Amino acid sequence: MKSWEIKRKPHVLSKIDLEPVFELLSLFSILDLNAEIVDLSKSVIERYHLLPNDALIAATCEFYGIEKIATFDDDFKRVAGLQILRK
């Protein structure tokens, strides 16, 4: 199902085996947001004309050396050195 379909009918989640989703989530790491990233996000806003939330994401990627991001947000196309992954 598409995410917007689930959002309209959240009760369908009770009928789906969510274990594969939970397994996938267990592979993720939580990155710290620190003052350096917040400061970096200010220059990211100026360089790429991003909104603050997107700038924090882009700055976090830059800070940690993350070169690929899975997103449907075309604003990240403006960020040099960041490759967008889509299916």
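Remarks
- Taken about its Cα centre, segment 3-85 carries a charge dipole of about 360 debye when Lys and Arg each add +1 at the Cβ and Asp and Glu each add -1 at the Cβ.
- Here the contact order of the chain, divided by its residue count and restricted to Cα pairs under 8 Å and six or more residues apart, works out to 17 percent.
- Evaluated at q = 0.11, 0.24 Å⁻¹, the base-10 log of the normalised Debye intensity for the chain, with identical point scatterers placed on the Cα atoms, takes the values -0.43, -1.13.
- Fully extending the segment from Ile30 to Lys15 would add 2.5 nm, taking 0.36 nm per residue of separation and subtracting the current Cα-Cα distance.
- Restricting the GluC sites (Glu not before Pro) of the chain to loop positions (DSSP other than H, G, I, E, B) with no more than 16 neighbouring Cβ atoms within 10 Å leaves Glu67.
- Ranking of His49, His11 by count of other Cβ atoms within 10 Å, fewest first: His11, His49
- In the chain, excluding the sites themselves, the longest stretch lacking any of the chymotrypsin sites (Phe, Trp or Tyr not before Pro) that are in a DSSP loop with at most 14 other Cβ atoms within 10 Å is 29-71.
- Selected from Ser26, Ile16, Gly65, residue furthest toward positive end of dipole (the chain; charges at beta carbon): Ile16
- Ser3-Lys42 FRET efficiency (beta carbon distance; Förster radius 30 Å; 0.05 resolution): 0.45
- The chain: angle of helix 52-64 to the longest principal axis, Cα-based, in degrees nearest 10: 80
Readers should treat all values here as calculations from the given coordinates under stated rules, not as data from a laboratory. All values reported here derive from a predicted model rather than from experimental measurement. Every residue, glycine as well, gets a Cβ built from its backbone with ideal geometry; the counts of neighbours run over all protein chains shown.
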